[in-house]
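A short worksheet on the structure shown next.
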Amino acid sequence: MKSIKIFAPATVANLSCGFDILGCCLDTVGDEMVITLTSEPGVKITRIDGANLPMETHKNVAGVAVQALLAAYGNDVGVEIEIYKKIKAGSGIGSSAASSAGAVWAVNHLLDQPFTVHELIKFAMEGEKLASGNAHADNVAPALSGGFTLVRSYNPLDVIKLHTPKDLVMTVIHPQIEVKTSDSRSVIRHNVKLRQAIQQWGNVGGLVAGLFTEDYALIGRSLEDVIIEPMRSILIPEFKAVKDAAIAKGALGCGISGSGPSIFALNKGMETANAVAEAICKVYDKTGLDFDIHVSKINDHGIKIINE
Ligand code: HSE
């Protein structure tokens, strides 16, 4: 029986301007998983710690992602999955993505890499489909590739890994309220005005260019969301106060992490990231709501082996 223990990272999707297409991978926040190949065909979830999630394979995001991988693999292989959750469901930092991406990455590793990262993204998207009703790739792609990723196209799937400027540090505040991705998607109007679209795709291009040229000011100017944030931010207590406090302390930009309620601020340097963390904690201290705060460099590698 081959077995592996991995770190499955949290991710920040959308990055303001890139709804469903942009995301990046965190370094210090994530789950742990133990994946074992067995001789008895089928996928079993044998343990879940830290969250109340379904043990039935077909209802579990890691389970369905691995089933998709095994269907493509063809051979009769058995897989047992243990999940040690640290990322809360409904947090907006890619909880379901960590589980589905981590599981398929580990099975692929144990099978001696029959699939490319691109194929693993497709399998992991089956988990996202189960979790939110929509097979978006903007969390699973950075979890699997590391760094920043762009989904240029969903049909056919075309994911591009972008460059990670070395001084970028993310601050994330996670208010302890659950916002289901499906609920947060349901508040979005589907019609976009042309002038908003022009501004948004200008920002996407600016952010991609800023990442590749390590132009931090351009990255900051491009972290703007004129379409989704105005609709979704009403679900997040003190969103505007947090954003104002982060920008006042020098954050390059600040927005909703994924579908919320987490809020991210992207910063140049650890010192600014810590100052931003302190300032936004002060905003939340006044609300009486519980919250977690994370400060993390960008993880350019994605999933990591803890031991095997
Ligand atoms: N792009 C997705 C959304 C990410 O914003 O709904 C969900 O984590």
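Structure notes:
- Any chance L194 is out of contact with any strand residue (DSSP E or B) (no Cβ under 6 Å at 6 or more places or on another chain), within 16 Å of the ligand (Cβ to nearest atom), of a type in the set (A, V, I, L, M, F, W, C) and open to solvent by 40 Å² or more (accessible area, probe 1.4 Å): no
- Qualifying residue in segment 31-50 (condition: within 15 Å of the ligand (Cβ to nearest atom) and surrounded by fewer than 19 Cβ atoms within 10 Å (Cβ to Cβ)): no
- Residue in segment 109-142 that is farthest from the ligand (Cβ to nearest atom), counting only those that are within 21 Å of M1 (Cα to Cα) and in a helix (DSSP H, G or I): L110
The rows are residues; the columns are (1) modelled with pLDDT of 95 or more; (2) of a type in the set (A, V, I, L, M); (3) away from the ligand (no atom under 16 Å from the Cβ).
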site: D225; (1), (2), (3): yes, no, no
site: A241; (1), (2), (3): yes, yes, yes
site: G260; (1), (2), (3): yes, no, no
site: N267; (1), (2), (3): yes, no, yes
site: N274; (1), (2), (3): yes, no, yes
site: A277; (1), (2), (3): yes, yes, yes
site: C281; (1), (2), (3): yes, no, yes
site: D285; (1), (2), (3): yes, no, yes
site: I293; (1), (2), (3): yes, yes, yes
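- Selected residue [within 23 Å of A51 (Cα to Cα) and outside any helix (DSSP H, G or I)] from V172, V151: V172
- Hits in segment 273-303 - residues which are surrounded by fewer than 23 Cβ atoms within 10 Å (Cβ to Cβ), out of contact with any Ser or Thr (no Cβ under 7 Å at 6 or more places or on another chain) and under 17 Å from C24 (Cβ atoms): K297, H301
- Segment 55-108, subset at pLDDT below 95 and more than 12 Å from the ligand (Cβ to nearest atom), residue nearest to N14 (Cα to Cα): K88
The values are calculated or read from the model by the stated rules, or taken from the named source; none is laboratory data. Here the structure is a predicted model, which means the values were calculated and not measured. We place every Cβ from the backbone using ideal geometry, glycine too, and count neighbours over all the protein chains shown. Ligands, DNA and RNA are stripped out before the accessible areas are found, and what is left, the full protein with its side chains, is counted by its heavy atoms. Shrake-Rupley method; radii C 1.70, N 1.55, O 1.52, S 1.80 Å.
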